[in-house]
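The values are calculated or read from the model by the stated rules, or taken from the named source; none is laboratory data. Since the model is a prediction, treat every value here as computed from it, not as a measurement. Ideal geometry is used to build each Cβ from the backbone, glycine not excepted, and the neighbour counts take in all protein chains shown. For accessibility, only protein heavy atoms count, side chains too; no ligands or nucleic acids. Shrake-Rupley method; radii C 1.70, N 1.55, O 1.52, S 1.80 Å.
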Amino acid sequence: MADSFYIPAGQDAWLATSHTTGPWDAGAQHGGPPSALLGRAIQRCEPRGDMIIARFTCEILGAIPVGEIRVRARLARPGRSVELLEAVASADGRDVARATAWRVLRTDGPTVAPRYAPPALPEEPSAPPGEAPQARPGEMPPAPASGWVDGYLSAIEWRPVRGHFTEPGPATVWARMRYPLVPGEETGPLERVLAIADSGNGVSSELDLRQWRFINPELTVHLHREAVGEWICLDARTVISTGGAGLATSVLSDADGPVGVGAQSLLIAPREHRPR
């Protein structure tokens, strides 16, 4: 079993491990890990310690294979107080994901206390990062009986507060990565948030997972500060209207309070029932 989500495979190249496998297809990655990998590349592109990422958007251009991908980043719009960065992930000669991020200058502006406080992290026994998860009362199972494919689901530790993967409706859950994004490196605050934020549509699903797909072709995260600690709270809800589109929104927090919000546009479509 790999001990990270990605393994180096040469310059700008990464081999996705089974921990990246998404719930819909055993051969395709969940959107969280590649978003985090793109965020890592953006953070390392002409880095500036006097700036913070304020908005990150990942466009998922197609199925991202659980295999080798190449990631490149560039500074698209330099500036003294605001900069725009871009990153692209490619596989087999085609672009599979594209990210853009605005970073803004850190200033001495006043702090306004948040009016929303996240729920306390449930105090339950927890397997250390890197160890195989064990089923415990109150914890989300690694592979829900809904028919989702396992991989990413077991690579994240889930602590539900309200709702559940297998129950329709809004949900609040604490989550953390069981493994580092890449080996030998502490996963950064932006990457930790992005790896979890793409699960908003999953934890707050409104339809039967065995009959419907609600796939997001993009993830947008707005941040007003960097997250502290391993745990990220995802307070998510999904709205679905007639016409095949939906929207999942999430308040993202750490133990000190909110850090930002996430949103995912959704394609709502029936599952394909293929003969076995």
Residue hits (the stretch 221-241; farther than 21 Å from Leu38 by Cβ, free of Cβ contacts under 8 Å to residues at least 40 places away in the same chain and assigned to a loop (DSSP other than H, G, I, E, B)) are Val228, Gly229
Lone unmet requirement of (1) outside any strand (DSSP E or B); (2) of a type outside the set (A, V, I, L, M, F, W, C); (3) closer than 27 Å to Trp231 by Cα; (4) modelled with pLDDT of 95 or more for Arg115: (4)
Hey, among Ala89, Ala101, Ala54, which residue is touching a His at 6+ places or on another chain (Cβ under 8 Å) and among the hydrophobic types (A, V, I, L, M, F, W, C)? Ala54
List pairs: first in the stretch 164-184 and within 17 Å of Ser4 (Cα to Cα), second open to solvent by less than 40 Å² (accessible area, probe 1.4 Å) and among the charged types (D, E, K, R), Cβ under 7 Å, 6+ apart or cross-chain? Ala175/Glu157; Arg176/Glu157; Met177/Arg192; Arg178/Glu157; Leu181/Arg40; Leu181/Glu191
From Gly67, Gly109, Gly93, which residue is modelled with pLDDT of 75 or more and open to solvent by less than 40 Å² (accessible area, probe 1.4 Å)? Gly67
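Conditions tested, residue by residue: (1) open to solvent by 10 Å² or more (accessible area, probe 1.4 Å); (2) hydrophobic (A, V, I, L, M, F, W, C); (3) over 24 Å from Arg40 (Cβ atoms); (4) part of a helix (DSSP H, G or I).
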position	(1), (2), (3), (4)
Glu185	yes, no, no, no
Arg192	yes, no, no, yes
Ile196	no, yes, no, yes
Arg213	yes, no, yes, no
Leu219	no, yes, no, no
Gly243	yes, no, yes, no
Ile268	yes, yes, yes, no
Is it true that some residue in the stretch 41-56 is under 20 Å from Pro183 (Cα atoms) and open to solvent by 30 Å² or more (accessible area, probe 1.4 Å)? yes
Answer from Gly229, Gly243, Gly262, Gly257 - the residue that is farther than 22 Å from Arg176 by Cβ and of a type outside the set (S, T, N, Q): Gly243
In the stretch 79-89, is there at least one residue being under 23 Å from Asp150 (Cα atoms), open to solvent by 70 Å² or more (accessible area, probe 1.4 Å), of a type outside the set (Phe, Trp, Tyr) and out of contact with any helix residue (DSSP H, G or I) (no Cβ under 6 Å at 6 or more places or on another chain)? no
